[in-house]
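**Student:** One structure follows; several queries about it will come next.
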Amino acid sequence: MRDFVCRHCGQQLTFENSVCLNCRSFVRFHLPTRTMLALDNSDNTVLEGETQWRSCANLKVARCNWLVEVESDEPLCESCRLTRTRPSDNDIDGMTAFADAETNKRRVILELTELGLPITGRDQDPTGGLAFDLLSSVQENVITGHDNGLITLDLAEGDDVHRERLRVSMAEPYRTLVGHFRHEIGHYYQTVLVGDGEHRARFEKLFGNPDDDYQAALDRHYSEGAPAGWESDYVSSYATMHPAEDWAETFAHYLHIRDTLDTSAAFGMAPAASTLESPLPGEIGFTRIIDWWLPLSWSLNQINRSMGHQDLYPFVLAPNVLEKMRFVHDLVVPAG
């Protein structure tokens, strides 16, 4: 994540700001330039280059602070238009949770865009395009998961008590909304980046056969748990369940690392420049990312402990895990 400033007064802004707290200007995020722009007070639009921009129609319902081209027929921004289903307007609690989820989703969509990963929506590919059903299990049974590009998220995951109860019951060291989005979208990119093409053989060598019976793997995982010594081959115990879950967990952790490094660099905390500003293809590029990440994650964990919190990144990246993550990196940042 970048460091943002108000173009009217220079005040530092967060990615979520829609108003500058110093000069009270209305500010919006402009995806093409990755910057915050201040709206013209006369018509609540902004001119960037030769294009006029306006607020996303989800400004109020989803606290969306992104911009949309004025001449576009699409009322929603690139992130919001990916959501297929949301709670009804009269579901007050559901809509509050929906806004929280959309905030986290925008962060992930920005990162995917920064990394140059393709995002094809359901409007372009009705059967395999990316889409989100953001639903609340308060009123219906909702299972977070992925199905051929469609990601379903239980909005109850935005509730701290609910999420922490599940984290403890499932013996997970980490469970967040942004983590759910990164994991589930990893399933989508297994299809996009690997599929049945030239990279399938390397995938199977590292992760196993993605066509293995998923239900059998699920039943085995929840009846027997992770195998002994799993830490040497998997980034999490959940990754041991099935090759597709191993990929999704590894992909999510790659996004965790890249975004945290970039945010730290933006605020002068990382040992090197932003990964987005550096050419990082191939083996050398991945090695540099990990060389930056290990001391940073160690120091961040110690800072969290100083405040009485759990480790920020409570994971060990064993050599076999790094080999899997290197594969993800090679697909995300081709050698050119």
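The values are calculated or read from the model by the stated rules, or taken from the named source; none is laboratory data. These numbers come from a predicted model, not from an experiment. A quick note on method: Cβ atoms are made from the backbone with ideal geometry, for glycine too, and the neighbour counts reach across all protein chains shown.
**Student:** Tell me yes or no: at least one residue of region 44-56 is aromatic (F, W, Y), surrounded by 15 or more Cβ atoms within 10 Å (Cβ to Cβ), under 26 Å from the mean Cα position of the chain (by Cα) and closer than 24 Å to A265 by Cα.
**Tutor:** no
**Student:** Being in a loop (DSSP other than H, G, I, E, B) and of a type in the set (A, V, I, L, M, F, W, C) is the filter; apply it to region 199-252 and report the residue that is nearest to P334 (Cα to Cα).
**Tutor:** Applying the first criterion (in a loop (DSSP other than H, G, I, E, B)) to region 199-252 yields 199, 208-213, 225-229, 233-237, 241-242.
Subsequent filtering for residues that are of a type in the set (A, V, I, L, M, F, W, C) retains 226, 228, 235, 241.
Working: A226: 33, A228: 35, V235: 23, M241: 29 Å.
Among them, the one singled out is V235.
**Student:** Tell me, please, whether a residue that is within 24 Å of E114 (Cα to Cα) and either at pLDDT 90 or above or of a type in the set (D, E) (or both) can be found in region 265-275. Walk me through it before giving the result.
**Tutor:** We begin by selecting, within region 265-275, every residue within 24 Å of E114 (Cα to Cα); these are 265-275.
If we keep only those that are either at pLDDT 90 or above or of a type in the set (D, E) (or both) as well, we get none.
Checking region 265-275: not a single residue is within 24 Å of E114 (Cα to Cα) and either at pLDDT 90 or above or of a type in the set (D, E) (or both).
**Student:** Here is a list: F15, F29. Which entry is under 23 Å from the mean Cα position of the chain (by Cα), of a type in the set (F, W, Y), surrounded by fewer than 18 Cβ atoms within 10 Å (Cβ to Cβ) and at negative phi? Please lay out each step first, then the result.
**Tutor:** Numbers: F29 fails: surrounded by fewer than 18 Cβ atoms within 10 Å (Cβ to Cβ).
Every option except F15 fails the conditions.
**Student:** Out of all the residues in region 179-218, which are touching a residue at least 24 places away in the same chain (Cβ under 8 Å), farther than 19 Å from L153 by Cα and of a type in the set (A, V, I, L, M)?
**Tutor:** V192, L193, V194, L206, A217
**Student:** Next question. Going by the conditions given, is N22 free of Cβ contacts under 8 Å to residues at least 60 places away in the same chain, touching a Cys at 6+ places or on another chain (Cβ under 6 Å), outside any strand (DSSP E or B) and surrounded by fewer than 16 Cβ atoms within 10 Å (Cβ to Cβ)? Steps first, please.
**Tutor:** On the way: free of Cβ contacts under 8 Å to residues at least 60 places away in the same chain: yes; touching a Cys at 6+ places or on another chain (Cβ under 6 Å): yes; outside any strand (DSSP E or B): yes; surrounded by fewer than 16 Cβ atoms within 10 Å (Cβ to Cβ): yes.
So N22 fits the description; yes.
**Student:** Looking only at region 86-104, how many residues end up being touching a Leu at 6+ places or on another chain (Cβ under 8 Å) and within 25 Å of L255 (Cα to Cα)?
**Tutor:** Initial filter on region 86-104 (touching a Leu at 6+ places or on another chain (Cβ under 8 Å)): 86-87, 94, 97-98, 100-102, 104.
Keeping just the survivors that are within 25 Å of L255 (Cα to Cα) gives 97-98, 100-102, 104.
Number satisfying all stated conditions: 6.
**Student:** Here are the criteria: (1) farther than 30 Å from R34 by Cα; (2) in contact with a Ser or Thr (Cβ under 7 Å, 6 or more places away or on another chain); (3) of a type in the set (D, E, K, R). Tell me which single one D262 does not satisfy.
**Tutor:** Just one mismatch for D262, condition (1).
**Student:** Go through (1) among the polar types (S, T, N, Q); (2) touching a residue at least 60 places away in the same chain (Cβ under 8 Å); (3) more than 18 Å from A239 (Cβ to Cβ) and name the single condition N320 misses.
**Tutor:** Result: N320 passes all but (3).
**Student:** May I ask you to say which residue of K60, K105 is of a type outside the set (V, I, T), surrounded by fewer than 19 Cβ atoms within 10 Å (Cβ to Cβ) and modelled with pLDDT of 90 or more?
**Tutor:** On the way: K105 fails: surrounded by fewer than 19 Cβ atoms within 10 Å (Cβ to Cβ).
The match here is K60.
**Student:** Exactly one of these conditions fails for T96: (1) out of contact with any Gly (no Cβ under 8 Å at 6 or more places or on another chain); (2) surrounded by 21 or more Cβ atoms within 10 Å (Cβ to Cβ); (3) part of a helix (DSSP H, G or I). Give me its number.
**Tutor:** (2)
**Student:** Could you list all residues from region 25-60 that are part of a strand (DSSP E or B), closer than 15 Å to S72 by Cβ and in contact (Cβ under 8 Å) with a residue 24 or more places away in the chain?
**Tutor:** R28, H30, T45, W53, S55
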